[in-house]
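First up is the structure itself, then whatever we jot down about it.
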Amino acid sequence: MNAYRYPATRHRRRHGPSGYNDLESFRPWLRDEFVFRCVYCLERETWSNLVAAFALDHFSPTSIDPVKRLDYESLLYACRACNAVKGDQQVPDPLKVLLADDVVVYEDGHIEGRSRDAMRLIAAMQLDRPAYIERRRLIWRMLTTAQQYDPVLYRQLLGFPKDLPDLSRLRPPSNTKPKGVEHSFQSQRKRRELPEMY
Ligand SMILES: [Zn+2]
């Protein structure tokens, strides 16, 4: 189990809600879409237990692309630290460049890009600055210690949050990918298909 392993392939969206006129309505969809963690640094909700610690990030800054403010396809789920660093920058798309083959995270907390775009994004987002390195080191230590001495804590750290959003109850004005709801984590849990950890 490697909490800092980036996805193997480019992300293809499972959900397609649209027509909401406020940003917050997208939150449950984005939490589910991006598996309750920051697309940039992989910080998880369960490590802070505060959903409020996560921001709904506009991939194209709204100052540059105001029409996309409420466009699901351009929204990402990010921790507040990454969202703040990103600010109004236009950066390479994390869903395309932060991939397992192109990014290595070492046990000492350092992160390294192996493609040009991954290196550019890591630099732009300062993912290798001391605060992030320290954070990864701390999480590594918590995970390895918990794995050895506290299996309940280990499952909690790598498990899904308890409050999985129930997307089947939501009524977005429209949804281009209604089937995605069946694949949501809450639906998987109901079918008893949800893995214990990820
Ligand atoms: Zn982050």
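Some points to look at:
Here is a yes/no grid of residues against (1) in contact with a helix residue (DSSP H, G or I) (Cβ under 8 Å, 6 or more places away or on another chain); (2) assigned to a loop (DSSP other than H, G, I, E, B); (3) over 24 Å from D163 (Cβ atoms):
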{"position": "P28", "(1), (2), (3)": "yes, no, no"}
{"position": "L42", "(1), (2), (3)": "no, yes, no"}
{"position": "S60", "(1), (2), (3)": "yes, yes, yes"}
{"position": "S63", "(1), (2), (3)": "no, yes, yes"}
{"position": "R69", "(1), (2), (3)": "yes, no, yes"}
{"position": "C82", "(1), (2), (3)": "no, no, no"}
{"position": "D88", "(1), (2), (3)": "no, yes, yes"}
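- When segment 167-180 is filtered for residues that are touching a residue at least 60 places away in the same chain (Cβ under 8 Å) and open to solvent by less than 80 Å² (accessible area, probe 1.4 Å), the ones remaining, listed by number, are L167, L170, P172, S174, N175, K177, G180.
- Neighbours by Cβ (under 8 Å, 6+ apart or cross-chain): first from segment 59-85, among the β-branched types (V, I, T); second within 16 Å of the ligand (Cβ to nearest atom) and open to solvent by 80 Å² or more (accessible area, probe 1.4 Å): V85/Q126
- Residues that are touching a residue at least 24 places away in the same chain (Cβ under 8 Å) and surrounded by fewer than 16 Cβ atoms within 10 Å (Cβ to Cβ) within segment 94-109 comprise K96, A100, D101, E107, D108, listed in sequence order.
- Residues of segment 27-45 that are in contact with an Asp or Glu (Cβ under 9 Å, 6 or more places away or on another chain) and away from the ligand (no atom under 16 Å from the Cβ): P28 alone.
- In the set A146, A124, A118, only one residue is open to solvent by less than 40 Å² (accessible area, probe 1.4 Å), at pLDDT 95 or above and in contact with a Phe, Trp or Tyr (Cβ under 6 Å, 6 or more places away or on another chain); that residue is A146.
The values are calculated or read from the model by the stated rules, or taken from the named source; none is laboratory data. Just so it is clear, the model here is predicted, and its values are computed rather than measured. Glycine also receives a Cβ, built like all others from the backbone with ideal geometry; neighbour counts cover every protein chain displayed. Just so you know, the surface numbers come from the protein's heavy atoms only, side chains and all, with ligands and any DNA or RNA stripped out. Shrake-Rupley method; radii C 1.70, N 1.55, O 1.52, S 1.80 Å.
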